[in-house]
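A short worksheet on the structure shown next.
What follows draws every value from the coordinates through simple rules; no lab data is involved. In this text the structure is predicted, and so the values were computed from the model without any measurement. Every residue, glycine as well, gets a Cβ built from its backbone with ideal geometry; the counts of neighbours run over all protein chains shown.
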């Protein structure tokens, strides 16, 4: 072994190794074996948690939004929150709520996209209601983030704080 260091916030050990016979170098990752996380769907079916499904759903919501570099971080945060949960089974509803919580802070458009699929919007009034609720929760404009609620006849609020 040539080098060893902690990765993924101490959740794994990365080791650089060298073959004594041929000198070839390679990397191994060691992680404590845990009971796998499972997801209980609305239908009652239980299946293994799949990080790739979570990431794909967030990528779809964030398509063509300026937050692509934050997706892995959001997925990591959600996965860590799930790992800390009591027991090794979580509901799909809990995962959806965690995604919406993270997306509402990250990007308003991505949040509404995800919510529309997650909550199965059928009418435009449901979009409008969700946007009104998001506006109610948003107390100030985040710099650089598109404001879905801006009145085009009014100048944007660039100073933050409550809207007049």
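Computed from the mean reciprocal separation of all distinct C-alpha pairs, what Kirkwood hydrodynamic radius does segment 37-97 have, in Å? Averaging 1/r across every pair of different Cα atoms and inverting gives 12.3 Å.
Any idea what diffusion coefficient segment 36-137 gets from Stokes-Einstein, in µm²/s, Kirkwood Rh on alpha carbon pairs, 20 °C, 1.002 mPa s? Numbers along the way, then the final one.
Values: Rh = 14.3 Å.
Reported coefficient: 150 µm²/s.
Relative to a virtual label point 7 Å from the Cα of residue 1 in the Cα→beta-carbon direction, which members of segment 23-50 show backbone nitrogen distances below 15 Å? It comes to 26-32, nothing else. Based on Cα contacts under 8 Å between residues 6+ apart, segment 36-137 shows a relative contact order of 29 percent. Counting every other Cβ atom within 10 Å of each residue's Cβ, 116, 4 order from fewest to most as 4, 116. Between residue 76 and residue 17, the distance separating the two model label sites (each 7 Å from Cα on the Cα→Cβ line) works out to 2.5 nm.
Here the gap between residue 85 and residue 28, fully extended at 0.36 nm per residue and compared with their Cα-Cα distance, gives a gain of 17.7 nm.
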